[in-house]
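Trainee: Got a structure for you, written out below as C-alpha cells; questions coming shortly.
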Amino acid sequence: GGRSNPGGFLIEQRRLEKQPAELRVRAFTEITLKPTAASGTVQASRCTDCGVPFCQNACPLQNNIPDWLALSADGDLREAWRVASATSTMPEICGRICPQDRLCEGACTLQQSGWDGVTIGSVEAWIADAAFDNGWVEPIRPLVERGQSVAVVGSGPAGLAAADRLRSDGYQVTIYDRHDRAGGLLTYGIPGFKLEKRIVQRRIDRLIEGRVQFVLNTNVGVDVSMDELRSRHDAVLLAMGVYQARTLSVPGRGPNDTVAALDFLIAQNRVDCGDAPVADAPHAAGRDVVVVGGGDTAMDCVRTAVRQGANSVVCLYRRDRDNMPGSAREVQNAEEEGVRFEWLGAPKALMSKGEAVTAVRAQRMALTEASAGGRRDIAPVPGSDFDLPADLVIEALGFEPEAFAEQLDANLGLTRWNTLQVARGGFATTLPGVFAAGDAVRGASLVVWAVRDGQDAAAEIDRYLRARTEEAAA
Ligand code: FAD
Ligand code: SF4
C-alpha cells in the first residue's frame with residue numbers, strides 16, 4: 001500500500017508526462033499524457049506522507065492532498081474522489097491548469113529536499129477523470145428545494161463554483177453571461193492545449209442537469225439592469241472577471257496595428273469549441289509574430305501562434321526570466337515548441353511600411369542594483385535599439401477591471417484599483433444583498449482562487465438568505 005512509503009521517491013522518479021514538442025505543436029489538444037492505472041498509482045505512492053502537509057497549506061483550496069494520494073496509491077480511486085471533491089468543485093480543472101510549481105508541488109517535501117515533487121496536479125486530474133468516466137460524480141439533487149433565488153453574473157470559475165454549491169443547497173440559481181457560451185476564461189481564455197473544451201463543458205452540463213438556469217448573450221448593465229436583477233432575485237453574486245486590456249503606448253501604434261491577446265485567443269477557442277473559422281479573425285499562419293508581455297496570457301498567445309503555423313514567434317518581455325509573472329513551466333513548454341524569448345527587451349516603437357506593420361523596435365533593458373530591501377528594477381541601455389521583424393503584433397500586457405460602478409450601479413463601492421470592494425474577510429459589496437467574487441475582486445488572479453472565492457461566497461450567501469428567512473418568520 002501507499003500509506004507510508006518513506007523510500008518510494010528513491011525508486012521511482014517523477015515522470016514528465018508530456019507529448020514530445022514536435023507532436024504537440026500540430027494540435028490544440030492537451031499536451032499532458034494521462035497516467036494509466038499503473039503509472040498513476042506509482043506516482044501517487046511517491047508521497048512519503050511526511051506528516052506536515054506543506055502541499056495542503058500551499059493549496060488555495062486546502063485540498064486534503066496526502067489523503068487522496070494515499071488512497072490513489074492503494075487503488076481506491078473512488079474514495080480518493082470523495083475526498084478530493086469535498087473541498088473542490090473543479091478538481092479536474094485545477095489539476096490541469098494550476099501553476100503547481102508555485103503552489104502544492106512547489107511546497108512538496110520531496111521538491112523542497114532536492115527530489116522532484118509528487119505530480120499532485122496530474123494525480124488530481126486523473127482521479128477526477130476516473131470519477132466522470134465511472135459515473136461517480138453525483139448529480140446535483142438538493143435535499144430540499146428553497147424558494148429563494150440567486151443571480152450569478154459571470155459564468156467563469158467563480159460563478160460556476162458558486163452556482164454548484166448554491167444549487168446543491170436548494171436555491172434557484174440563474175447565471176447571466178454576456179458571452180454566447182458559459183465558462184468565462186475557462187472557455188474563451190485558456191487554450192485547449194492546457195484545458196480541452198470538453199472538460200469545461202462537462203462541468204457546465206452538470207449544472208444544467210442540476211437545473212441551474214443559464215441566460216447567455218446578456219450583458220448585465222446593458223441588456224438587464226442591476227435594479228432589475230435585484231428585484232428578480234433574493235441575492236446577486238458579481239463574478240465578472242477583469243477585461244479591460246492594457247495597451248502599448250509607443251509611437252507608430254495605430255488602431256489596427258496590433259491585436260489584443262484575448263481577441264486572438266478567443267478566435268482560436270471558438271474554433272476549438274466547434275465554430276466555423278471566421279475569415280478576418282486574427283490568425284498567425286505564415287506570419288512573423290511578436291507577443292509583448294510575460295504573463296500567462298502571453299505564454300498562451302505564443303503557443304497558440306506556433307500551433308496556427310506562424311513563420312516565427314518571439315516573446316518580448318522587459319524583465320528577465322527570473323522576474324517574469326508567467327509560470328516557469330509554461331516558458332519551458334513554449335521554448336520546447338520553438339518560441340524565442342527576448343528577455344530584457346522593451347518595445348519602443350512600431351515600424352510600418354504603408355498600412356502594414358513590419359517590425360517592433362525594442363531597446364535592451366538592464367537590471368539595476370537592488371535598492372535597500374527592494375526588488376531589482378530595470379533601466380534602458382543607451383544605444384541598444386534593435387528591430388524584431390513582425391507582421392502580427394499581439395499585446396498581452398494584462399487586464400484591469402472595467403468601469404463596474406458606471407456599468408452596474410453608482411453606489412457600488414470600488415477599491416483604488418477599481419476592483420469591487422467587499423467587506424473585510426467576506427464577499428458582501430456595498431449594496432445590500434449583492435456579493436462579489438473572483439478576479440472582479442482580486443484583480444487578475446488564478447482559477448483556483450476563483451473557485452475558492454465562489455465556494456466561500458456561496459456559503460456566505462446561504463447564511464445571508466437563511467437569516468432573512470428567519471427574520472421573515474419571526
Ligand atoms: P472569468 O473567468 O473572467 O469569468 C467572468 C465572466 O463574466 C465571463 O464569462 C464574462 O463574459 C462575464 N461577464 C463580465 N461582465 C459581464 C456583464 N456585465 N454581464 C454579463 N456577464 C459578464 N489561471 C490559472 O489558474 N491557470 C492558467 O493556466 C490560467 N491561464 C490563463 C490564460 C489566460 C489567457 C487568461 C486571460 C487568464 C488565465 N488564468 C489562468 C487566470 C484565470 O483564467 C482567471 O483568474 C479566472 O478565470 C477568473 O475567474 P472569474 O470567474 O473571476 O472570471
Ligand atoms: Fe494543487 Fe491546484 Fe489541486 Fe490545490 S487545486 S492541489 S494547488 S493543483
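Trainee: Across 5 Å bins from 0, what is the distribution of all Cα-Cα pair distances for segment 347-405, in whole percents?
Mentor: Histogramming segment 347-405 at 5 Å steps yields 4, 15, 14, 14, 16, 14, 11, 8, 3, 1 percent.
Trainee: In addition: Taking only DSSP H segments of four or more residues, each worth -39500 (n - 2.57), what value at 222 nm results for the chain once the sum is divided by all its residues, to the nearest 500 deg cm²/dmol?
Mentor: -10500 deg cm²/dmol
Trainee: Only bridges whose two residues both fall in the chain count here: according to DSSP, what percent of them are antiparallel, nearest 5?
Mentor: The antiparallel proportion sits near 40 percent.
Trainee: If a helix is a whole DSSP H run, which ones in the chain reach 15 Å or further along their own axis (Cα) and hold a mean Kyte-Doolittle hydropathy of at least 0.5?
Mentor: Helices meeting the span and hydropathy rule in the chain are 120-133.
Trainee: For segment 20-70, what is the convex hull volume of the alpha-carbon atoms per residue, in Å³?
Mentor: Normalising the Cα hull of segment 20-70 by residue number yields 125 Å³.
Trainee: What part of the accessible area of the chain, given as a whole %, is carbon or sulfur when the probe is 1.4 angstrom?
Mentor: 50
Trainee: How far apart, in nm, are the 7 Å Cα→Cβ label points at R321 and N217?
Mentor: About 4.8 nm, to one decimal.
Trainee: For E395, what charge total do you get from the other residues with a beta carbon under 11 Å from its beta carbon, if Lys and Arg give +1 and Asp and Glu give -1?
Mentor: Charge balance in the 11 Å sphere: 0.
Trainee: A follow-up question, please. At q = 0.07, 0.08, 0.12 Å⁻¹, what log₁₀ I(q)/I(0) does a Debye calculation on the Cα points of the chain give, no solvent, two decimals?
Mentor: -0.40, -0.52, -1.15
Trainee: Averaging sequence separations of C-alpha pairs under 8 Å and six or more residues apart, then dividing by the length of the chain, give the relative contact order as a whole percent.
Mentor: Rounded, it is 15 percent for the chain.
Trainee: Using mean Cβ contacts within 10 Å as the protection proxy, how do 429-440, 351-362 order, highest first?
Mentor: The densest-packed peptide leads the list: 429-440, 351-362.
Trainee: Next up: With Cβ to Cβ distances under 15 Å as the rule, what net charge do the other residues near L229 carry (K, R +1; D, E -1)?
Mentor: That sum, taken over residues with Cβ under 15 Å, equals -3.
Trainee: To continue, here is another question. Just the number, please: percent antiparallel of the DSSP beta bridges in segment 245-395, rounded to the nearest 5.
Mentor: The antiparallel fraction comes to roughly 50 percent.
Trainee: Here is a further query. Based on the alpha carbon coordinates of segment 415-474, what radius of gyration and maximum Cα-Cα distance (Dmax) apply, in Å?
Mentor: So, for segment 415-474, Rg and Dmax equal 12.9, 43 Å respectively.
Trainee: For the chain, what is the charge dipole size about the Cα centre, in debye to the nearest 20, if Lys and Arg each add +1 at the Cβ and Asp and Glu each add -1 at the Cβ?
Mentor: 320
Trainee: Which of A261, G345, G293 sits farthest toward the positive end of the charge dipole of segment 245-395, with +1 on the Cβ of Lys and Arg and -1 on the Cβ of Asp and Glu?
Mentor: G345
Trainee: Let a ≥ b ≥ c be the square roots of the eigenvalues of the Cα gyration tensor of segment 270-314; is it rounded (a/c under 1.5), or, if not, prolate (a/b larger than b/c) or oblate?
Mentor: Taking the square roots of the gyration eigenvalues as a ≥ b ≥ c, segment 270-314 is oblate.
Trainee: Can you tell me the length gained on complete extension of the stretch T36 to S352, counting 0.36 nm per residue apart and subtracting the Cα distance?
Mentor: Answer, rounded to one decimal: 108.6 nm.
Trainee: Roughly what % antiparallel, to the nearest 5, for the DSSP beta bridges in segment 135-287?
Mentor: 0
Trainee: Against the 2.2 N^0.38 Å scaling, with N counting residues, where does segment 8-133 land? I'd like the Cα-based Rg ratio to two decimal places.
Mentor: 1.00
Trainee: Of L392, N57, W115, which is farthest on the positive side of the dipole of the chain, counting Cα position, with +1 on Lys and Arg Cβ, -1 on Asp and Glu Cβ, and the Cα centre as origin?
Mentor: W115
Trainee: Sort 376-386, 218-228 by packing, meaning the average of other beta carbons within 10 Å per residue, with the highest value first.
Mentor: Result, highest mean first: 218-228, 376-386.
Trainee: At 0.36 nm per residue, minus the direct Cα-Cα distance, what do K18 and S113 gain on full extension? Give it in nm, one decimal, please.
Mentor: Length gained between K18 and S113: 31.8 nm.
Trainee: To continue, here is another question. Keeping every protein chain present and rolling a 1.4 Å probe, give me the accessible area per residue for the chain in Å².
Mentor: Solvent-accessible surface per residue comes out at 44 Å².
Trainee: Under the Kirkwood approximation for Rh and a Cα-based Rg, what ratio Rg/Rh is obtained for segment 245-395?
Mentor: A ratio of 0.99.
Trainee: I need the phi-derived Karplus couplings for segment 218-229: 6.51 cos²θ - 1.76 cosθ + 1.60, θ = phi - 60°, integer Hz, Gly and Pro marked x.
Mentor: 10, 8, 6, x, 10, 7, 9, 8, 4, 4, 4, 4
The values are calculated or read from the model by the stated rules, or taken from the named source; none is laboratory data. This structure is a prediction, so every number in the text was calculated from the model and none was measured. Reconstructed Cβ throughout: ideal geometry from the backbone, glycine too, with neighbour counts over all protein chains shown. Just the protein is used for accessible areas: all its heavy atoms, side chains included, with ligands, DNA and RNA removed. Shrake-Rupley method; radii C 1.70, N 1.55, O 1.52, S 1.80 Å.
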